[in-house]
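The values are calculated or read from the model by the stated rules, or taken from the named source; none is laboratory data. Small disclaimer: the values here were computed from a predicted structure and weren't measured. With ideal geometry, Cβ positions are generated from the backbone for all residues, glycine too; neighbour counts draw on all protein chains shown.
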Amino acid sequence: MQTLNNIKMKKVAVPVVKGQLGEYFGQCNHYEIFEIDEGNVKSVEIEIPPREDITKLPEWAANKGITDIIVYKIDKRIINLFTPFRINLFVGIPISSPRNLIEDYKNGKLKSDEIIISEIMA
């Protein structure tokens, strides 16, 4: 099993609604952004995303230094907008607390819900 112990700094964002991963990407109260260095959480920031245009979120995330985003559901038209910014999306991840998700991320245990992936790609 691969872990993050041999990987340098990452910034992982989790869109949050009521203390949990938000159901829909872009429809969240805020993002919790975890800075992870050599497998350890070094800091956590709370950022409020721009709300006027969801297509601007990839650029916003890149400007924040975000390398990875954990999401449950996302519009498939938005996914490709992240490619030029080299931001990894973990899609279809079951809803849980940001801390639990980050632990799974660090330990290589994030697992997508195949039903959600099928819905998104339909």
- Query: In the range 39-61, what count of residues is obtained for those that are farther than 26 Å from PRO84 by Cβ, of a type in the set (Val, Ile, Thr) and not in a strand (DSSP E or B)?
  - Reply: 0
- Task: Would you mind finding the one in THR67, THR55 that is polar (S, T, N, Q) and surrounded by 14 or more Cβ atoms within 10 Å (Cβ to Cβ)?
- Result: THR67
- Looking only at the range 101-121, which residues are of a type outside the set (Asp, Glu), surrounded by 13 or more Cβ atoms within 10 Å (Cβ to Cβ) and without any contact (Cβ under 8 Å) to a residue 40 or more places away in the chain? SER112, ILE117
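Quick check: is even one residue across the range 23-38 outside any strand (DSSP E or B), touching a strand residue (DSSP E or B) at 6+ places or on another chain (Cβ under 7 Å), modelled with pLDDT under 95 and aromatic (Phe, Trp, Tyr)?
If we filter the range 23-38 for residues that are outside any strand (DSSP E or B), which is where we start, we get 23, 25-29, 38.
Filter once more, so that each one left must be touching a strand residue (DSSP E or B) at 6+ places or on another chain (Cβ under 7 Å): 23, 25, 28-29.
Filter again for modelled with pLDDT under 95, leaving 23, 25, 28-29.
Cutting the leftovers down to aromatic (Phe, Trp, Tyr) gives us 25.
Yes; the residues of the range 23-38 include at least one that is outside any strand (DSSP E or B), touching a strand residue (DSSP E or B) at 6+ places or on another chain (Cβ under 7 Å), modelled with pLDDT under 95 and aromatic (Phe, Trp, Tyr).
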- Quick one: in the range 81-99, which of the residues that are in contact (Cβ under 8 Å) with a residue 24 or more places away in the chain and buried (at least 18 other Cβ atoms within 10 Å of the Cβ) is nearest to GLU114 (Cα to Cα)? GLY92
